[in-house]
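The values are calculated or read from the model by the stated rules, or taken from the named source; none is laboratory data. The structure presented is a predicted model; accordingly, all values stated were derived computationally and were not measured. Positions of Cβ are backbone-derived with ideal geometry, glycine not excepted, and every protein chain shown enters the neighbour counts.
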Amino acid sequence: MRLYFRLHPGESIGADLVLSFIKALDRQLDNPAVLVWDRLTAHRAKVVKEFMRDSPRFDNFFLPPYAPELNPVEYIWSYLKTNSLANFAAFELNVLADAARKNGRSLQRKEYLLRSFIEHSPLSLRLK
């Protein structure tokens, strides 16, 4: 298990950014992967659906509409905000984004911690 993410400070996330991320992820991974999506319109865009349909590597799981308590990513951000980013005061967006990237990367390979975020969620999702 590993966390993959990108931050785009000051930008709206559209289908083009989602597709770019998925294509980069596809090049990075050797094994099949489960993608857990919230209901952002860009996640359900036609170009994204077409790419996912043609890529057997990914299995998609959509969260119900507005269910942040089910989304493990919400627990990741909560952890970062109450631990490594607690009391961090940034006066510029790029400084905050750099700190968030650095601290997010520190979680990328901490499987025990990533699994705890999933287990804390009431999802009935089982990962091997």
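So, D26, is that one out of contact with any Pro (no Cβ under 9 Å at 6 or more places or on another chain), farther than 24 Å from E119 by Cα and not in a helix (DSSP H, G or I) or not? Judged against the criteria, D26 is not a match.
The number of residues in the stretch 36-82 being of a type in the set (S, T, N, Q), surrounded by 12 or more Cβ atoms within 10 Å (Cβ to Cβ) and assigned to a helix (DSSP H, G or I) comes to 1. Within the stretch 1-15, the residues that satisfy the criterion of being touching a residue at least 24 places away in the same chain (Cβ under 8 Å) and not small (G, A, S) are M1, R2, L3, Y4, F5, L7, P9, I13.
When you look at R6, is it at pLDDT below 95 and more than 17 Å from F117 (Cβ to Cβ), yes or no?
On the way: at pLDDT below 95: yes; more than 17 Å from F117 (Cβ to Cβ): yes.
It is true that R6 is at pLDDT below 95 and more than 17 Å from F117 (Cβ to Cβ).
To keep it simple, each residue is scored yes or no on (1) among the basic types (K, R); (2) closer than 17 Å to N103 by Cβ; (3) free of Cβ contacts under 8 Å to residues at least 24 places away in the same chain.
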residue	(1), (2), (3)
D38	no, no, no
F51	no, no, no
D59	no, no, no
N71	no, no, no
I76	no, yes, no
T82	no, yes, yes
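Every test in (1) at pLDDT below 90; (2) buried (at least 16 other Cβ atoms within 10 Å of the Cβ) is passed by D30 save one, and that test is (2).
A residue that is modelled with pLDDT of 90 or more, within 20 Å of I13 (Cβ to Cβ), surrounded by fewer than 11 Cβ atoms within 10 Å (Cβ to Cβ) and of a type outside the set (D, E) occurs somewhere in the stretch 85-105. Just one of (1) in a helix (DSSP H, G or I); (2) in contact (Cβ under 8 Å) with a residue 24 or more places away in the chain; (3) surrounded by 15 or more Cβ atoms within 10 Å (Cβ to Cβ) fails for R115. It is (3).
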